[in-house]
Amino acid sequence: MKRSFLVSLFALTLPALASAQAPAEFSALEKEVEAARIKYKIPGLSLAVLKDGKLAYTHGFGLRDVAKKLPATPETLYSIGSSTKAFTAASVLMAVDAGKVKLTERPVTYLPYFQLRDPEASAKITVSDLLCHRSGLPRTDFLMLASEGTLSRKELIQAVGTAKPTAKLGAAFQYQNILFAAAGEIAANAFGMPYEQVIEQKIFAPLGMTRSTLSVKKALADKDHATGYDPATQKPLVWRDIATTAPAGAINSSVVDMAKWVEAMLQEAKPLLSAQSYTAMTTKQMTMTPSIGYGYGWFLPKWKGIQVVEHGGNIDGFNAEVAFIPEKKWGLVMLSNVSDSPLASEIQEIVWRNLSGEKPEDKNPTTSNTPKPAPSPVPTKDEAGSYVSTTPPATMKVSFEKDHLVLTVPGQPPYAMQHLGGRVYQLAPPVPAGMKATFDEKGMTWEQPGTKLTLVKDKAVAYVAPLAVDALLAKMLEAAGGRAAWSKHKSRVDTITVDFENQGMLATGETYQSQGKQSQRLSITTIGKKIGWMATGYDGKAIWVSFSFLPPQPMQNSERARAEVDLAMGLLEPRKLFEKIAITGTEKIDGEECYVLLKTTKSGERMTEYVSTKSFFVLRRDADAPEIYSDFRKSGGVIVPHKSIQQTPSMGNIVTVIKSTHWDVPVDNKVFTMPK
């Protein structure tokens, strides 16, 4: 769970294919999109462009099925993922127009079983809050995926209500798929029919979207449907059927059909909604960043100061972008058959610029004559240091590793930095573009979408530890029970409970450790029902992850993984596991002063441990995500933490508690093999 995972084929793909001769005015756009498709290794995509409020151009690029060499066409069906949310919002607003729903009412008025874990939020949340992601709940996609096929939509909505919020109601924009499913159920109950029928009868039929469907089975039966591909491996993926959370992302459509939807939006949705509801849908209801708002089912950024209304979509093997500019009467739909397509974030710029008559900028030239980034006037390594801002309070650390900079923000994993030229660096892929640092004599200016921060370089002298590294390592081993006690242990089996507290899930299972290998196997439940299983492990060579609801996921080889699963947690022979170990300073963890111990492998992988200056226990470890340790107890003659909290960006807090431990018991090597 810690890492996410034909190249030559794409250099030989057929030219872009279209259903008809492209209008001359779109020839430049066509060439630019095709070049981007090849650059980003996208097997196939379809594009529709609207001008003056009407469909002006459609085209298919590349292949919808690589193995069969089938071309993408304007009629090719793709999954549109979260672009579905605008349809769901429209269905709720149609119920509002019909006098069946009020945006200011609580969801429990329409769904008697609706309840949130936070009593105050549960008492105050409204239908409006569901439609603009301000519930206080973080993303609960792990729950969404695990429960597909095992829970009804009602049960899933009840399950997400048990998740611990990460913000107060209305305080923060936090994307929430399952609560959009709740919004869809409100529309379904209002019209007295299943959600899928609401969309088909109230939106698809009036707009003539005859080939659109919420059924994966129907989409696959269509002769012109796309095969989705994994962006890393370029292998085909199975279409994901999210019937339970359909209102969040289950529509399958073509760019021709979706252009009818955009055309309706450019006509202020008059065939579907009242003027008041259309205005509410496309007006900022929640602030995402200072420059981007969110209406009901639509993001609201700007292009050259002009309001844009858009929503992307991403699901296994497919990526979508749907956007329009009301003022210009422009619109676009791009559907592609690879997950996380970078083109989705660029297609608006390409289309809007071409419609406005502007010439393209050569941002990513690919010729051998491409100039290299201008050298920095100061050595890259000299940019390393600690950077501080007081308004708002923030600290960023920049370190130099091998040949590049690494940015670390407290509570987050380290990010590699890429030199853009001069003293400007950006976060390297897979982090989205737009996050960059510009260094100067005083410090660093940090920029990301909607945010600009000025930080001053800390001029403090280098930290000098009061004890040597080896002395600290010896104290850590002694505090944990000593070399003799740890040396006698050859295996360990823990019975554990795991609370995915921000996901609304619980798990029970075992963790196995033996001879440099580790495995964890869990049974997952929510609202008292088993919904699946997951297993993670390290077989001595590579990390792997396997789920009942996702394909097995072997990971890259990792030197650090060997250290992370070492039976003695790297206490006995840390110098064999890490090439460099250094005390870089002190920091407080939950009020307790700790030495900051930075460990680096030969391959450059880092692990930071925060070691108490009093007990010499490791209170926190940062690798891919911070993990906090507590409840240290004696077991098997050694001291081990019986509680840990892993703080992950995608899943929130994962709280693991050891219920019992068995030392030096036989462990079958099969448990270290990835299950299928």
Practice task
Scan segment 568-604 for residues that are assigned to a loop (DSSP other than H, G, I, E, B) and touching a helix residue (DSSP H, G or I) at 6+ places or on another chain (Cβ under 7 Å) and jot them down.
Solution key: A568, G570, L571, L572, F578, T601, K602, S603
Problem - T495 vs. criteria buried (at least 16 other Cβ atoms within 10 Å of the Cβ), assigned by TED's automatic domain parsing to the domain that holds P649 and among the polar types (S, T, N, Q) - result: no
Exercise for the section: Search segment 91-147 for residues being of a type in the set (K, R) and surrounded by fewer than 22 Cβ atoms within 10 Å (Cβ to Cβ), and hand back the single one that is farthest from Q285 (Cα to Cα). Expected result: R117
Exercise for the section: Spot the failing condition for D257; the list is (1) under 27 Å from D141 (Cβ atoms); (2) touching a strand residue (DSSP E or B) at 6+ places or on another chain (Cβ under 7 Å); (3) buried (at least 18 other Cβ atoms within 10 Å of the Cβ), and only one is missed. Expected result: (2)
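When you scan segment 170-185, do you find a residue that is farther than 21 Å from G295 by Cα and touching a Pro at 6+ places or on another chain (Cβ under 9 Å), even just one?
Within segment 170-185, the first condition is being farther than 21 Å from G295 by Cα, and the residues that meet it are none.
Taking every residue of segment 170-185 in turn, none turns out to be farther than 21 Å from G295 by Cα and touching a Pro at 6+ places or on another chain (Cβ under 9 Å).
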Problem - Which listed residue, of R106, R134, R153, is farther than 22 Å from L506 by Cα, out of contact with any strand residue (DSSP E or B) (no Cβ under 9 Å at 6 or more places or on another chain) and not aliphatic (A, V, I, L, M) - result: R106
Exercise for the section: Being charged (D, E, K, R) and out of contact with any Lys or Arg (no Cβ under 8 Å at 6 or more places or on another chain) is the filter; apply it to segment 46-89 and report the residue that is nearest to G297 (Cα to Cα). Expected result: K85
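Could you list, in sequence order, all residues of segment 470-488 that are surrounded by fewer than 18 Cβ atoms within 10 Å (Cβ to Cβ) and of a type outside the set (S, T, Y)? Spell out the reasoning first.
From segment 470-488, those surrounded by fewer than 18 Cβ atoms within 10 Å (Cβ to Cβ) are 470-471, 474-475, 478, 482-485, 487-488; that's our starting set.
Correct list: D470, A471, A474, K475, E478, G482, R483, A484, A485, K488.
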Practice task
Could you tell me whether segment 167-181 includes any residue that is over 23 Å from the mean Cα position of the chain (by Cα), surrounded by fewer than 22 Cβ atoms within 10 Å (Cβ to Cβ) and outside the structural domain of K529 (by TED's automatic domain parsing)?
Solution key: no
Practice task
Go through segment 312-342 residue by residue and tally those that are assigned to a strand (DSSP E or B) and over 16 Å from the mean Cα position of the chain (by Cα).
Solution key: 12
Exercise for the section: Identify all residues within segment 630-662 that are of a type outside the set (S, T, N, Q) and closer than 18 Å to F500 by Cβ; write none if there are none. Expected result: K643, I645, P649, M651, G652, I654, V655, V657, I658, K659
Problem - Residues being of a type outside the set (A, V, I, L, M), touching a Gly at 6+ places or on another chain (Cβ under 9 Å) and either within 15 Å of V322 (Cα to Cα) or assigned by TED's automatic domain parsing to the domain that holds A269 (or both) - total across segment 55-67 - result: 0
Practice task
Could you list, in sequence order, all residues of segment 432-448 that are at pLDDT 80 or above and in a strand (DSSP E or B)?
Solution key: K436, A437, T438, F439, G443, M444, T445, W446, E447
Practice task
Please specify each residue of segment 31-50 satisfying the condition of being surrounded by fewer than 20 Cβ atoms within 10 Å (Cβ to Cβ) and in contact with a strand residue (DSSP E or B) (Cβ under 7 Å, 6 or more places away or on another chain).
Solution key: E34
Exercise for the section: Inspect all residues belonging to segment 66-76 and state whether any of them is at pLDDT 95 or above and not in a loop (DSSP other than H, G, I, E, B). Expected result: yes
Exercise for the section: Scan (1) at pLDDT 95 or above; (2) surrounded by 14 or more Cβ atoms within 10 Å (Cβ to Cβ); (3) assigned to a loop (DSSP other than H, G, I, E, B) for the single condition K614 breaks and write down its number. Expected result: (2)
Handout entry: Which listed residue, of S644, S660, is in the same structural domain as K588 (by TED's automatic domain parsing), assigned to a strand (DSSP E or B), among the small types (G, A, S) and over 29 Å from T586 (Cβ atoms)
Key = S660
Fill in the blank from the handout: Across segment 270-284, the tally of residues that are farther than 11 Å from D97 by Cβ and either surrounded by fewer than 16 Cβ atoms within 10 Å (Cβ to Cβ) or hydroxyl-bearing (S, T, Y) (or both) stands at 6
Completion exercise
The residue from D624, D631 that alone is farther than 25 Å from S558 by Cβ, acidic (D, E) and under 32 Å from the mean Cα position of the chain (by Cα) is D631
Problem - Failed condition for R134, given (1) closer than 30 Å to A205 by Cα; (2) of a type outside the set (S, T, N, Q); (3) at pLDDT 95 or above - result: (1)
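Name the residue that is farthest from F549 (Cα to Cα), counting only residues in segment 649-666 that are surrounded by 19 or more Cβ atoms within 10 Å (Cβ to Cβ) and modelled with pLDDT under 95. Don't jump to the end; show me each part of the working.
Step one: filter segment 649-666 for residues surrounded by 19 or more Cβ atoms within 10 Å (Cβ to Cβ), giving 651-652, 654, 656.
Still in the list and also modelled with pLDDT under 95: 651-652.
On the way: M651: 16, G652: 20 Å.
That would be G652.
The values are calculated or read from the model by the stated rules, or taken from the named source; none is laboratory data. All of these numbers come straight from a predicted model, not from anything done at the bench. For neighbour counting, all protein chains shown are included, and Cβ atoms are generated from backbone atoms with ideal geometry for every residue, glycine included.
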